[in-house]
Every structure is written in C-alpha cells, then in structure tokens.
1. For segment 576-601, which residues satisfy the criterion of being outside any loop (DSSP other than H, G, I, E, B), touching a helix residue (DSSP H, G or I) at 6+ places or on another chain (Cβ under 9 Å) and surrounded by fewer than 20 Cβ atoms within 10 Å (Cβ to Cβ)?
2. Could you tell me whether any residue of segment 983-1001 is crowded, with 22+ Cβ neighbours inside 10 Å and small (G, A, S)?
3. Before we move on, is M978 under 32 Å from the mean Cα position of the chain (by Cα), surrounded by 15 or more Cβ atoms within 10 Å (Cβ to Cβ) and of a type outside the set (F, W, Y)?
4. Among the numbered conditions (1) of a type in the set (G, A, S); (2) in a loop (DSSP other than H, G, I, E, B); (3) at pLDDT 85 or above, tell me where S284 comes up short.
5. Surrounded by 15 or more Cβ atoms within 10 Å (Cβ to Cβ), among the hydroxyl-bearing types (S, T, Y) and in a helix (DSSP H, G or I): which single residue out of Y402, Y417, Y384 fits that description?
6. Against the condition closer than 30 Å to N883 by Cα and touching a Pro at 6+ places or on another chain (Cβ under 6 Å), how does G1002 come out, does it pass?
7. Give the residue, chosen from N912, N896, N879, N916, that is out of contact with any His (no Cβ under 8 Å at 6 or more places or on another chain), farther than 27 Å from S1050 by Cα, among the polar types (S, T, N, Q) and modelled with pLDDT under 90.
8. For segment 1069-1093, give me each residue that is of a type in the set (D, E) and loosely packed, with under 11 Cβ neighbours inside 10 Å.
Amino acid sequence: MKNFLPEAGFSGRLIRRLAVLLVIWAAGLGIVHAQQAQQTIAVNFRNATVQQVFTWLDNHTQYDFVYNNSQIESLPRVSIQMNNTTVVEVVKHCLRNSSLSYQIRGNMVVIRPSDEIKKGTEEAVQFSGVVYDENGLPLAGVSVVLKQASRGAVTGPDGKFILKARRSDNMTLSFSFLGMKNQEITAFSNGKQALKELDRINVHMDPAVSEIGNVVVTGILNIAQKSFSGSSTTITGEQLKTVAPQGNALSAIQIFEPSFRIAENLDMGSNPNALPQMYVRGRSGIGTPALDESLTSEHALKNDPNQPIFMLDGYEVPMEKIYDLDIERIETYTILKDAAATAMYGSRAANGVIVITTKPLPAGRLNVTYSGNFTINAPDLSSYNLMNAREKLEAERLAGYYDTDDPGQIATKLKEYNGKLQNIERGIETDWLALPLRTSFGHKHSISIGGASDAFRYGLDLGYDDQEGVMKGQNRKKMSAALNLQYQHKGLTFRNQMTTTLVNSQESPYGTFADYVRMNPYDTYLDENGNIGKNMATWHSGSPYRNPMYDATLGSFDKGKRHEFYDQFDVRYYLNKKINFKADITLGYIVSDSDRFTDPAAARFQNTEKKGQLVTSRQKQSSYDFNLKGYYNDQIGRHNINFVVGLNIREEKTNYEGFTYSGFPEGGFSAPGYAKDIDTKSFIEGKNRLFGALAVLNYSYNDVIFGDLSGRIDGSSQFGSNKRFAPFFSTGAGVNIHNLKFFKENTPWLTQFKLRGTYGMTGKVSFPSYAAQNKYEMFTDWQYPTGDGVQIMYLGNPNLKWERTLQTDVGFEFEILNGLFYAKYNYYIKDTHDNIADMFIPTSSGFTSYKENIGRMENRGHEIKLQSRVVNTRNTIVNLIFNGASNKGKLKKISNSLKAYNDRVNEHYNSNQGGNDVQSTPLLRYVEGNSLTGIYAMRSLGIDPGTGKELYMRRDGSTTFKWDPAENVLVGDTEPTMSGSFGASVYWKGFTLDTYFMYEWGGQRYNQTLRTTIEMADILNSNCDRRVLSDRWIKPGDIARFRDIKDYNSVTRPTSRLVQNYSYLNMSSLSVGYEFKRDMIRKLGLYRLKLQFNCRDLFTASSIQVERGLSSPYARAFTLSVNASF
C-alpha cells in the first residue's frame, strides 16, 4: 500500500524554511521600527504643555499620537532643548515621574496609564475606508468625527480617510458633508465590535437639500452655521422655485429674507424688461438729489448707492446677470448682512453681499434632466376705479364746463354735450384699458446633461426662456448655455466653467398704459369705416386729438440686445487633508445694444419740423477677476480652526457710445444713414482696478464657544489719487449654550440656543469712476489748426475715498424638540461715515458741484424669524413660518451744500418750472435727524366746507389758504414699521403645498392717484377716478376730502392731506406639486418626475387705493412646471 503523505524529511525542511522567513520578516519589522524610533529630530520647547509637545510631534514626524486630553492636562509643563534626539526620548522626557507610559504600534504612539499597558487591557484602533456619493464616486472633503473623542479627519480627493483613536466600549463615527445627509456608523457598542472590518469602512452618502442650511457659503470659504457669528440667510433653489418657478429669483428672496427689499415700482408693474432696485437693511447712500436726477445717465443703476453686490460662484457680476440667470441652475442664494459676513469683501460690502452658487457637477452615469415651465399672465386691473361713459359726462357737467353766460358759447357747449350723449346712447363704451393688453403666454425650457468617469466630470446646461408681457408686443427672450468640465488627478482638481447668455428685449409699440387709462370712454378709436383712426373726435379746442391706437400701427420700436460671455478656470491643490490652495481667474465680456426709433408720423412730431428720431447706444464691458487663496482646516483636540488667506485682483473696462439721430423720411427707413442730422453723440470710457488682500479666521471650541476674525485691505483706482488704499475688518463671537454640559444633561428638549455678536467696518464705492478725477470732453464739431480741442466737463476730487460703515450686530437662535419651534432674532446698527454727496461751489469756477465725503447716515433695525414644524411624521410634514424686519434710518450729519439744496427746492417750487406734475410732487429734503425716505409737504387742515379751498397750517400754528414751500415739514415716512412674510409648507405622501404672503404696515405713502386722477384730474379731457363724483367739494357746506370740482385747472402742491397710512397684504405665491414614486415611473425610463402648479400675486389688499402699473400693468401669473430626470 502506497503512502501518499510527504516524507518526514521534506516536511521538516519546509517548516525550517518557513521559520527562517518568519524570523527575517520579524527582524525586518524590528529594523524598520527601530529606524523609525531612532529618527533624529531637534526640539526646543520652553515652559510648554505636554499637549503642545505632542501636537508638534504629530505634525512634524511620521507618528500619530493618541491620548486622552484629561489624562495629560495635569502633567507639569516641560522645557526641552535637544539636538539629534529621537521621538522616544522626547516622549520619555514628557512622561517622567508620571503614571503614564507609551506604546508604539506601527506609526501610532499611544499614551495611557502604565498599568493598562502592562495588563494589555486596552488597544489603539484605526478606522479607514472610503466615502462615496450617491452615484458611487469618491467624495472629497467629508468630515469624519469620532463622537466619543475629540479627534476627526477629512476625506482626501480619492474619498479615503484614516482615523486613529484609543479603543473604548462605545465608538461611533459621524460623517458630514455640505448638501448630504449626515450619517453615523457604530464601530463598538458596549465593548463589542459592531463592524466586521474596521479598515474597510465604505460609506455612501445621499443628497439632502435641508443640510445646506447647516453651512454658510460666503463665496470665499464655507463655514459651519453652528460656529459662525455672522448674520446670514441661505435659500435653496428648490425653495425659490416654489415662489417663482418661471424665473426672476430676486423677487422671491423677499419671502425668505425680510431685510432684502425690492423698491416698489408702481409705474413698471409686470414689465419683464424692468430691472428692480433693491437694498438690504435700509438705505445708507445719499445718491443723486431729485433736482439733479436729469443730469445722471441711464446707467445710474450701476452706481446705485444702496444696491448690494452679487457674487456668482466666487466672482462679481452685474445685477442684470443675476436677473437673467436660469433658476434651474441655482443651488443656493446666501444673503450676507453684517460685518462678520461681509468684511471679507472690503470696499464693496457695506450694502450687503448676495452669494449665488450654481449646482455642482453630477457624478456617476449619464444624467439628463429636463425642466419646463408654461406660464399664463393675466393683467390685474383691480387697482383702477375709472368712470364709465355716462359717469364721465356727468362729472364734466358738475365741473361747470357746460355752464356759460356767454350767449355765443351756449350753442357750442350744448352741441358738444349732446354729441357725447348721443355716443353714449348709441352704446359707445370703449374699454380703452383692454386695447393695448393681452393675456400673455410664456414658456421656459432647461436641459441639463452630465456625468462622470473615474476622474473626469462634465456638465452641459441649455436654456431657452420666452416671457411675454401683458402689453402687446412686449417680451424678453433669453437663450443660455453653460459647459462645465472637471478633472481630478491625485491632489489636484481642475475645473472650467463657460457660460454664455443672449437676451433680446422689446417694449410694446402701444406706448405707456397711462395713455389709455386717460382716454374718454365715450370716444371710439375707429373711424366711420371701421378702421383705426389717426385722430380722435375734436369736441373743443384743446381736446385730445391723437388716437394712441394709431401710433401702435406705425413703424416705431424700442428693442435691446445683450450678449454676455464668462469663462472661469480654477485649480485646487490639496497639499494634505488640512491644507489646500485654490487659484481661479474669471474673464467676462458683455455687449449691450439699445435702439429706440419713433416713426416720423407719430403724434410727438405733429408740430415739429424734423420728424422721426432714432436713439442708439452700445456698451461694451470686459473684466477679469483673479483670486488666489490658501486654506487651513483642522481639528486639534476640541479646537476647530478654519483659516484662509488670499488676494484678489480685478479690472473692469467700460466703453459706451450713444447717438441721437433725427429727420427720417418715413417709418420703414430707420437706419442711421437715413437721418438728416445727428443731434447728440456721447462717448464714455472707464477703467476700474481693484486689489485686495484678506485673511479670515473661524474658530470654535468643542462646538460651544466660537469666534470670527477677518481683515482686508483694498486698493482701488476709483478712490482719489490721495486715498488709494482702505482697510476693513470685522470680529465676532458667540456661544452655543445648548452644548454646555449642564444643558446637555438637563435640557434634552433644547435643540439649539445660540448667542452671537459682531462688530466691524465695511465700505462701498457708490460713485462713477471719473468722480475722483477730472473728466474731459473733446470738441468734435470743429477743429483747431493743431487738432481737436478739449475742455473739462467734470471736476474730480483727488481726496475722494470710500464710504465707511461701522456695523454692530447681536442676535440669538433658539430651537426646541428638533424643529417644533424655532426663533431667530437680530438687532443691528449701521453707521455710515463719509457719505458721498455733491458739494456745490460758485458757478464762477466753471462748475456747480463736485463729489465729496460729507455725510453721515445711521440705520437701526430688528429682524425676526419664527418657524414651527407642527407635524413631523414619516408621511406628513407641516411647517409654518413668519418673518419680519424693521428699519429706521436718519441723517446724522449733512453738509452745508445739502442744506443749500433745500433752498434750491424752495426756489424750484417758487419758479413754477417743470410743469404741473413736477410742481405737485413732494421732493426730499435733507434734514439732520430725519431719514432719506421722508415725505415733505405743508400741513393741511383739510378742505374748507365754505369755499372748497384747502386750508393750511404754518409752522407757528397759524392758518392760511396760501401754500408756501418754506413751510414744508416732515409729514410721513415710506419706511414701514414692520414688513415681511408668513406662510406654510406641507408635505404628504409625495404631495406638496406651499403658500406665502407678504405684508407691510406702519409706513406712509403720498398717494399720487388722489392727485392725478381726482384732485388734479383733467375732468374735461381725460377719464378720472370715480371718487371725483363722490369725494370732491360741490357746494357750500359739503364735507369733502378734495377741493371744488370746478377747480380742475389748479395745481395741488405737496400737502399732508394726500399722505396716507400704508399697509398691505399680498398673496405672493400658492404652489401645489406632486413627485411620483420611482416604482411608478421606472417603466418609463425616468429617474424622477415632478409636476407643480404655481400661482403668483393672486390678490393684494391695501389700506389705500392707488393705481398700479401706469406704464405696464401688474399681472397674475399661473405656471405649470414639469421636472423629469432620465
């Protein structure tokens, strides 16, 4: 029988060879350990704590130190000066005469009690693994924290992490990342290992929009909200779409941040081409006085003294770029309000900073997402209360127009009255308001394509948006494309984002809506043949003779085109998990064209020699924005440090040219070559350069105490030659009371209680680039023998500098039971020094004024946010919100020139210049102690019942029937006592319901409708408000709000009688949506499908009745949205 077992000799030789290999391997390990332990270093510490020594060794050698803070805190301080020593010798020196010892495990040095080392009862453990996103790609920058200890780590570009710690009975790893749901993994529980493999921990994180609110995106660095002392509000793109799905996210911000206000524009209404004016936390800039506004260019919006700056993905862009930005590309809006949040932007930050981030590149397989919005806009004419034809004729009779003692006029007036009455009896009741209007349709489409391989990501976004206004022929069309590429290689990340947008805008050929509001209803716009007539019926001398509908048939047009291109390239280098660097450069180029042609046959040229006019303009703007930043982010024990230093270089060039041509043969020939003359021409060139250096530090200790410190120095070519550089700073601190040991142990229901406060100085440059230097104009109409001549057109000020705003901000956040009730409150003081204003000088100098730092303005305000998640179950979530803000501003110092401007206002009224509209409009006066939103008029005691005239009260209390501009005083303020929003958000089994209301109370308005359509109504020639019949004085003894109905030619000067308390409630948005479950749409090849229906501006209730939208009416919008992912 054969023996198939190996021979004993063979077996022995094999065992011996294996043993030799094991000995060599073990010896090799020993040699490596010995070599590592024998690594020589030089140390020099004087009176240092043991923890400081170990931290230094941890950072400067290959060893990682693991220890318990409480055990080494009691060790005495040490002084060590050693050259060519080893890590072991240094550790021994630190632990001498103590009960602690050390143990080396690979590259890890474990410090623990000597008896534990002898017993071997405890071990040092190492956790390692990879974190992936929802598409299975490695995720860099994830924070990995051991909850029971004070150690943490951050994943690298490959998503890997390593975390070492002493083993304990309970160990839980926490993973967190911006935009992802936090995850926790239990490694040890009650002394037992819960994970099978500690060195192969794979974590997959899912996106969660709600987590974005836990991080403040400043545009320079991201800071954890819990450890940020600044004041900010973050709004997600999904939240904005519940309010404004069809676009214009700026209008939706007011719902979520009450301190962000869009100035009310009763004139432009829902015109899609009207750019809004906005401000954050009140107005702090004096700007251009009303009497000088005609001297400013149409580009004054660029130098709006109260407009915040806009940062898109880290670079500054004009407001129009944000206005036209596709809402589907928006990830978040962050409104930075106080000094701690904005000082890092230095001389540009005093008005607040709006930071917009676009959606990150998708990962994993190819993703295709389509979003479509289909909108119907219905004109809202509810604010108009006009007479019908019969009422209008009766108003003319009561006004006494048909009463005459002149026998020669009796027949003429009777003929006119009977002619109008015949039209009424024939059924003529022209609805003039409907003629230039339509129920418009708008549609917007967005397609996003993206995906990734191991190291490469790509994304392509295409957009088309066609929004029609409710005025016929009014529209705004936008086409956009964005290509985003990203490549990762080891510690380097390269990214390039290219965007281009083309906007075509066109105003209505029907002119302004007010032209139709004033037309008499007993007149028809058709001639006897049923065609649109050129002129209206001539009832009497001076009656309206031009048909506004006829001008709409001519060749007039008003259109614009804007093409913008941006390319941003950035590279990020991760030196290690704590230190990284980022450099980016953004190139921008914008071309804007505007052409406004008025047909020679238009009414305005009826009595002029030269007919027809073309006004053209072209503006080219190029810019580059370079940033270089270094980041340090580390958690040392219980200390968390977030630090960044950087520099910013920016240049912007602007070239503007404008021409006015006149004398055209007819409407079909609108090119400049057909013009007879060039009436005006202008050329403006400007260049601005900015250099800034900054440092920002955010620190927190154990998530309890935290602080922020930032500093920046800016050098700008806009500053005067003698004031080139400006320093800015901020500091802030706070405490998370809920994380204190006492509250953790005794108030488990307290989710958050945060106290914070900040102080700092920011600045702004709200003046044109030429204000600091002389501006010259060339003579181009003739030439001297030596060439063109020039003259100084603007007197520059070389000492002109930035406005400085000192900001103080304190507040708290309070939350119980994980969102059952949440409250946030802020109080702020903004004290702006060196306000820019005009300094008036003797005309003998050849100029009337120049810019100077001469004013001081203060704003104080409160902000409050209340929120409650009243229902929070698996299938049902109900949230209620309430926001409110209050701001009071006052001028603390003004110059003598502004005081002299008040005298100019009096002279303006006494001169009777500018026509009735100008003479009847209240003008702002600059008074120390009063605000920039005050209403100035003469005090009124009302209409005298005996005479029907207005009775005024002078400053000294005496009465008079004579209006005097010197007696004008502050009679109201448009700034409200409180404004904000409230609403509710409901989720139930895939269905969503969101509704929001905006409110305001406590302010006043000068009701221009009472002046233009009632008191100063041209009763004979124009239609009027119905209150002319009910509220005007007719006979002695009448108690009336408005003067004698027969006095329709007098001017109503600014009077307190027309100042009314203003409050309103507006149902801003109602949105209903449903997101289909994946198993319902999987067969269709869809990954996601959501339908949403939104209504905007359903109703407005106001304490005053005022006509809204005189140039373009307001509208109610109804939008159906479809979002699908494949």
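1. Across segment 576-601, the qualifying residue is only S592.
2. yes
3. For M978, the condition - under 32 Å from the mean Cα position of the chain (by Cα), surrounded by 15 or more Cβ atoms within 10 Å (Cβ to Cβ) and of a type outside the set (F, W, Y) - is met.
4. (3)
5. It is Y417.
6. Spelling it out, G1002 is indeed closer than 30 Å to N883 by Cα and touching a Pro at 6+ places or on another chain (Cβ under 6 Å).
7. None of the other options fit; the residue is N896.
8. Of everything in segment 1069-1093, just one residue is of a type in the set (D, E) and loosely packed, with under 11 Cβ neighbours inside 10 Å, namely D1079.
The values are calculated or read from the model by the stated rules, or taken from the named source; none is laboratory data. Since this is a predicted model, take the numbers as computed values, not measurements. So basically every Cβ, Gly included, is an ideal-geometry build from the backbone, and we count neighbours across all protein chains shown.
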